[in-house]
Structures are given as structure tokens and as C-alpha cells.
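First up is the structure itself, then whatever we jot down about it.
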Amino acid sequence: MNAAVEAPGAPRGPNITRFLRRNAWTLGTYVLFLATLGFTIAIHPTYGPYEVRSLVVGALPLAFCAVAQTCVVLGGGIDLSIGAMMAVANVLAAHYMLGRDFQTSLLIALLVLMGGALAGSLNGLIALRTRVPDIVVTLAMSFVWGGVALLILPKPGGGAPDKFLELASGNLVTPWVPNGIILLVLVVAAVWIPIRLSRLGLALYAVGSDRTAAFRRGVRIGPTRVLSYALGGFFAACGGLALLMSTGIGSPLAGTIYTLSGVSAIVLGGVSLAGGKGGVTGPIFAAFVLTQVPADLILSGTDPNLGQVIQGCLIVLVVMAGGLAPLLRRRVARIQDEPVVSAG
């Protein structure tokens, strides 16, 4: 997914080598997920469909949150209001779905998703028109959306029909593949793949990589940035609905922890905070890792407080590795380019 520029005349290696080099971090996230899963099975030999369903239901809101933050960061921005927008979507759905049938609930969910996209677009427009840094605008908007969530539902409550909740916790195919996995793949693929393969996707990566160069090549910077925030708002609303599916009620403060957790997931998933580099699959797998690690620590008898410290240290190490990797690559490249002087 990441664009790479090769020097003219540079030897071209096999396709598999270039693929591994370009996607090394994302592939490392897959390996980390498999290692975490292997450790889980080792300490919990009876790991089965129920535990898989619990993992999926628990990780689904964070996975959507990570995708939302990825869309914004790839465009060169950052959105600290994603957790608050998730809370708004969560309480809206819980408030209006209570006592409704499944078909009406689906219509409400569709309206919530449209509202999420509009809320994200508003964040992008404010940042674009005011020229205030994205981090400041979205931090301020997080308080706005948090207040809106409290106005809609001052305390936890509401609900949704059982069929709607089963969109995440049910099993249509096999007990080993909960509906939440299918829902996540279908929604992300239906929205992200067409954009990624179109000019919009190229523009998004170009703006995130270098706005000046993108502008000189005719890319419309403003609309592209607003699009990235609209996508972030849409997937944040998906996360709010997933949160309702996992808890069965709405909570105005439920999205608070997801903003920073989403940033952690995208960093662990190989998305550059500088923008223009990464994809959505790495953060999704990272979201499952970040959900499984605390559960594993509890299963292994670790103090929950110590578990939080371990999880934080893991994220810090990953961030440090991500920052040092480009420096090491440039150092190796310089060493390879230095002429060899022989003593005569």
C-alpha cells in the first residue's frame, strides 16, 4: 500500500523482496498477533469459540476507531475527537433504538453513520478554514462532542434489539467466525478499497506525504483533507455502533479511552504519524493485539495495574522502534554508498 521511490538506475530486486521491504512493519504486526494468540492458547488450553467471540466483540470498537484515525492520519492530520464522536454515535443509537424493531434499528444505524461522516467533515472544515493546527481543533471539538453525548443521554441507558446486537456476537457461518469479523471486513472493504484504488486514495496519500508537492501536481488539498476527516467520522460512528453491540447499552463516557487507544493501534499497525504511509489492515490487527494483551495478563495472574504498565511499555517500545527504523535505514544506505578506499 505504501508508495516507494527508487533511485534511477538502482537494481530492481525480486517482487517478493520489494513487497517484504515495503510492508515489513505491517507483516510484523501480523506476526505479533499470531504470537499473542499462541501465548493465549498456551496459558488457556481450552480456548474455544466463546473466547474468540469475546475477543472479537471486545476488539470491534477499537478496530473501527483505529481505521477512523488511520484515514485522518494518512491525510496528514490527526483527530483527537474520534472517541467523543464514538460516544455520540453510541448514545444516539442506544436512545433511538430502544424498543424498536430490527429494520427500524438498521435505518437508525444508517442515519447515525451519515451523521458521523458529517461530524467528521465539520472537524475538517474548521481546521481548514481557521488554519488552526488539527490537534488543537479536534481537541476542542472533543469537548463539544462529549457535551453533545451527555445532552442526548446523561447516564448509561437505552438499548437495541437482540438481532442488532447479534450482528457482532452471533455466528452465521461457524462458531469460530463471529459475525463481528464479517461485519468489520465487509464495512471496511466496502468503503476503503474503492477509495484506496481511486484517485481519491492517491490524493489522500499525496497530501499526507507532502502537501506542497501534491498541490503542485494539481491535487485539491482542501477537499482531500475534509474527505479524510469525513472518513474518520464515518468509521468513528461505526465504532460507536460496535460499542453498542458489545455492551447492549449506550454510555456518554464510553468513548473516552478510545481516542488514545486508537492512536496506539495505528502506531503499532505501521501507520506513520507524519502522514502518507501505512494502511488499514495493520491497525486492525494491532487493535486485536491491544485487546488480547490485557486479557492474557489477567489469565496469567498478573496484577491488572502491572498489566497496564506492561501494555504501556510495549506501546512505547513500538513507537521508539518506529522512530529509529528510518534513521537506521538511512545510515545503512549511506554506508553502502560510501566508496571503498584500499590502502596502496
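The values are calculated or read from the model by the stated rules, or taken from the named source; none is laboratory data. It should be emphasised that the depicted structure is a prediction, and the values quoted were computed from it without experimental measurement. Positions of Cβ are backbone-derived with ideal geometry, glycine not excepted, and every protein chain shown enters the neighbour counts. Quick note on the areas: whole protein, heavy atoms, side chains included, nothing else; ligands and nucleic acids left out. Shrake-Rupley method; radii C 1.70, N 1.55, O 1.52, S 1.80 Å.
Mean sequence separation of contacting Cα pairs (under 8 Å, at least six apart), scaled by the length of segment 175-267, corresponds to a relative contact order of 14 percent. In this structure the chain gives 52 Å² per residue of accessible area when probed at 1.4 Å with all protein chains present. The longest stretch of the chain left intact once loop-based trypsin sites (Lys or Arg not before Pro) with at most 13 other Cβ atoms within 10 Å are removed from consideration, loops following DSSP, is 221-344. All Cα-Cα distances of segment 168-243, cut into 5 Å bins from zero to the largest, leave 3, 14, 19, 18, 14, 11, 8, 6, 4, 2, 0 percent in each bin in turn. Using only side-chain charges placed at the Cβ, +1 for Lys and Arg and -1 for Asp and Glu, the dipole size of the chain relative to its Cα centre rounds to 1260 debye.
Hey, got a sec? Which chymotrypsin sites (Phe, Trp or Tyr not before Pro) in segment 47-148 land in a DSSP loop and have at most 16 other Cβ atoms within 10 Å? Let's see the in-between values first.
Numbers: sites: Y47, Y50, F64, Y96, F102, F143, W145; in loops: Y47.
Loop-located and lightly packed - Y47.
Counting only protein heavy atoms and a probe of 1.4 Å, the accessible surface of segment 66-220 is 69% carbon and sulfur. Of the three principal axes defined by the Cα atoms of segment 40-82, the extents in descending order read 44, 17, 13 Å.
The calculated Kirkwood hydrodynamic radius for segment 3-142 is 19.1 Å, given to one decimal from all distinct C-alpha pairs.
Over the chain, DSSP H runs of length four or greater, each weighted -39,500 (n - 2.57), average out per residue to a 222 nm ellipticity of -25000 deg cm²/dmol.
Scanning the chain for long hydrophobic helices, with DSSP H runs required to stretch 18 angstrom or more by C-alpha along their axis and to average at least 0.5 on the Kyte-Doolittle scale, returns 24-43, 49-74, 82-97, 102-130, 134-152, 179-196, 221-247, 281-299, 304-337. Over the chain, the ratio between the Cα radius of gyration and 2.2 N^0.38 Å evaluates to 1.06.
Quarter the surface of the alpha carbon convex hull of segment 114-188 and you get the mean projected area, 7.3 square nanometres. Reducing segment 168-232 and segment 250-264 to their Cα centroids gives an inter-centroid distance of 21 Å.
Given the convex hull over the Cα atoms of segment 143-272, what projected area results after averaging over all orientations, in nm²? Write out the running numbers ahead of the final one.
Details: hull surface 40.4 nm².
Mean projected area for segment 143-272: 10.1 nm², to one decimal.
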